[in-house]
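A short worksheet on the structure shown next.
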Amino acid sequence: DHYLTEGIPYAAENDDDYHLLQMLVWRASVRLYQGRWEEAIETASKVLQSQHLDIEARTCALLALARPRIRLGDPDALTALDEALALAVQAAALPRLGPTRAARAEMAWLAGNNDLAVEDVRAVYDVAVGKKHPWIAGELAFWRWRAGDSFTPPEWIARPFALQITGDWRRAAKEWEERGCPYEQGMALMDGDESAQLKALEIFESLGARPIIEKLKGRMRTQGIRVPRGPRPATRKNRFGLTSREMEVLGQLVKGSSNPAIAKSLSLSIRTVEHHIASILQKMGVESRNEAAALAHKDDLFPAG
């Protein structure tokens, strides 16, 4: 975010359209992982209107458009995924093929088609392992495991995926939280106990991730866990859909606390605090922490006493 915030206006001011488009694609991808999906969709859609995208940039933009749509339950995601796969196959490049196959596996898994998810992953899994790419191989291994395939992933895959596959959902969730990836954090928590699953449900509801909400609720009912009706109280009690953790951070902003002070008070890393603040600003539709605090006062989110 830091580099893109500086680089995008610089490229625009200097008529550097090539790097401007590349950075906008990256911004859409960043917004995807931050859970700021409407922004990801809006940015990717604008980029895809350009007639000057190379294959790599167009493939990445299509993925940044398709993946949030998948998670929001938009069937139109498949159109973008089909084009992304065709371009990735044409380029024959693992950095494009891996994420595209992973996205298709995710869509299949959410729809309950584990066989199709495994088929998509296996199409490129051995190549990713052969290249020893920890994140691409890690995500593919994750979806292969999530879809119920029997295999042994290499030890060197990216840590969050390795932790979750081995059953350490707590540490996997913490890894994703520190990276500012709420959806992935929720997917780790949904493998945990009742408390963790309720937390995952809260995260997914704050994101509007309808397909995985239904999948998680089904799992909870099977396990005999009482599923709350409607949005969780933490996301229902304010019109912005802030999670309980975001409300805690916002409460610190209202007090005028600095990021280091918030991190110390809530036992978080400063980077995690920064991610939470970015999400708060986006959900509240404001530009600064002061505006967020003022709006919180106006909406009486933290009544005295």
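The values are calculated or read from the model by the stated rules, or taken from the named source; none is laboratory data. Because the structure is a prediction, the values reported are computed rather than measured. Neighbour counts are summed over all protein chains in view; Cβ atoms, including those assigned to glycine, are modelled from backbone coordinates with ideal geometry. Note: accessible area is taken over every heavy atom of the protein model, side chains too, but ligands, DNA and RNA are not part of it. Shrake-Rupley method; radii C 1.70, N 1.55, O 1.52, S 1.80 Å.
Look through region 279-301, keep the residues that are open to solvent by less than 80 Å² (accessible area, probe 1.4 Å) and modelled with pLDDT under 85, and return whichever of them is farthest from the chain's Cα centre (by Cα).
Taking region 279-301 and keeping what is open to solvent by less than 80 Å² (accessible area, probe 1.4 Å), we get 279-286, 288-289, 292-296, 299, 301.
From what is left, the residues that are modelled with pLDDT under 85 are 279, 282-283, 299, 301.
On the way: 279: 12, 282: 14, 283: 15, 299: 28, 301: 26 Å.
Among those residues, the one meeting the criterion is 299.
Can residue 122 be described as basic (Lys, Arg), in a helix (DSSP H, G or I) and out of contact with any Lys or Arg (no Cβ under 9 Å at 6 or more places or on another chain)? If you could, list the steps in order and put the result at the bottom.
Working: basic (Lys, Arg): yes; in a helix (DSSP H, G or I): yes; out of contact with any Lys or Arg (no Cβ under 9 Å at 6 or more places or on another chain): no.
No; evaluated as a whole, the condition is false for this residue.
Can we say residue 102 is under 22 Å from residue 58 (Cβ atoms), in contact with a Phe, Trp or Tyr (Cβ under 7 Å, 6 or more places away or on another chain) and in contact (Cβ under 8 Å) with a residue 40 or more places away in the chain?
yes
Sort out which residues of region 162-206 are in contact with a Phe, Trp or Tyr (Cβ under 6 Å, 6 or more places away or on another chain) and either basic (Lys, Arg) or within 22 Å of residue 40 (Cβ to Cβ) (or both), and write them in order of number.
181, 184, 185, 186, 188
Among residues belonging to region 228-254 that are over 20 Å from residue 174 (Cβ atoms), open to solvent by less than 20 Å² (accessible area, probe 1.4 Å) and assigned to a helix (DSSP H, G or I), point out the one that is modelled with the lowest pLDDT.
Here the answer is 235.
Would you pick out the residues in region 152-161 that are within 22 Å of residue 192 (Cα to Cα) and over 18 Å from the mean Cα position of the chain (by Cα)?
152, 153, 157
Without any contact (Cβ under 8 Å) to a residue 24 or more places away in the chain and part of a loop (DSSP other than H, G, I, E, B): which single residue out of 257, 265 fits that description? Before the answer, list the steps.
On the way: 265 fails: part of a loop (DSSP other than H, G, I, E, B).
The match here is 257.
Restricting to helices (runs of 4 or more DSSP H) lying wholly in region 2-111: which have 1 or more residues that are closer than 29 Å to residue 242 by Cβ and open to solvent by 30 Å² or more (accessible area, probe 1.4 Å)?
Result: 2-13, 17-34, 37-48, 55-72, 94-110.
Taking region 147-162, which residues are part of a helix (DSSP H, G or I) and crowded, with 20+ Cβ neighbours inside 10 Å?
Scanning region 147-162 gives 160, 161, 162.
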